[in-house]
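Each value in this text was obtained by applying a stated rule to the coordinates, not by laboratory testing. Please read these numbers as outputs of a predicted model, since none were measured by experiment. A quick note on method: Cβ atoms are made from the backbone with ideal geometry, for glycine too, and the neighbour counts reach across all protein chains shown.
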Amino acid sequence: MMSNPDSAPQYSPELIQRARSGDQAAWEILFNECYPKIVRVIRRRMSKSLRKHYDSTDIANEVMKSLAAKFNDLDFSSINGLRAFLINAAQQKMVDGYRRCHAQKRDLARDRQISSGEVMHWEPIDRSPTPSQLAVATEGEEILLDGQTGKYRTVIEMKLQGLSNADVAHSTGWHIRKIERFLQNLRGTWRF
């Protein structure tokens, strides 16, 4: 059975020019022609270790997104040139993904499956502030307290100790709304 030559899409340089000028129908033809082939190439060439972390359609979508972003800067004489560019871009994305997964921090060889009988020893994350964070905080407190006197200074010191607005209001004799307004004004004027 012969197909009608008029119904077959024409993959000519004019199609690429139409897509470049923003013709949505031309983009759809290019997408429908190239995308499935890119996905097949990615599925054939993706290693098993990389499949744990990446999906072939995600990589293909990234390639097409890159094409759309750079399309006006690229020059393709034919659909074959475009397809070759996309396949090369997909291979580069897989290489980048492989390198990212095998970097020392995320090395795939470090991935271990936890079995039901295995005991895992986890080291808790140290949430205490670093020395530089402490220095910045101390400097910030000094700047904040500098120039404050009386109850204003007391309110700031009590808030730095972690007391609630209600506790500060009870201790200073101020109304809680006055403390909230003071703290709001202080936040609005003091940035570091």
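Annotations for the structure displayed:
- Pairwise label distance in nanometres, residue 149 with residue 74, each label 7 Å out on the Cα-Cβ vector: 7.0 nm
- Gain in span if fully extended, residue 176 to residue 27, counting 0.36 nm per residue against the direct Cα distance: 47.4 nm
- Taking other C-beta atoms within 10 angstrom as a stand-in for reagent exposure, 178, 48, 65, 93 fall in the order 48, 65, 178, 93, fewest first.
- The ranking of 156, 16 from fewest to most other beta carbons within 10 Å of each one's beta carbon is 156, 16.
- Debye intensity ratio in log₁₀ form over the Cα atoms of the range 13-108, taken at each q of 0.14, 0.22 Å⁻¹: -0.54, -1.06
- Calculated FRET efficiency for the pair residue 161/residue 126, C-beta based, R₀ 22 Å, to 0.05: 0.40
- Prolate/oblate/rounded call for the range 131-189, Cα gyration tensor, a/c under 1.5 rounded: prolate
- 3J(HN,Hα) along the range 75-84: 10, 10, 7, 7, 5, 5, x, 5, 4, 5 Hz, from the Karplus curve 6.51 cos²θ - 1.76 cosθ + 1.60 with θ = phi - 60°, whole Hz, x for Gly and Pro.
- Taking a straight Cα-Cα cut-off under 12 Å and skipping sequence neighbours fewer than 8 places away in the same chain, the aspartates and glutamates within cross-link reach of residue 159 are 141, 167, 180.
- Amide H contacts under 5 Å for residue 55, placed H, 5+ residues apart: none
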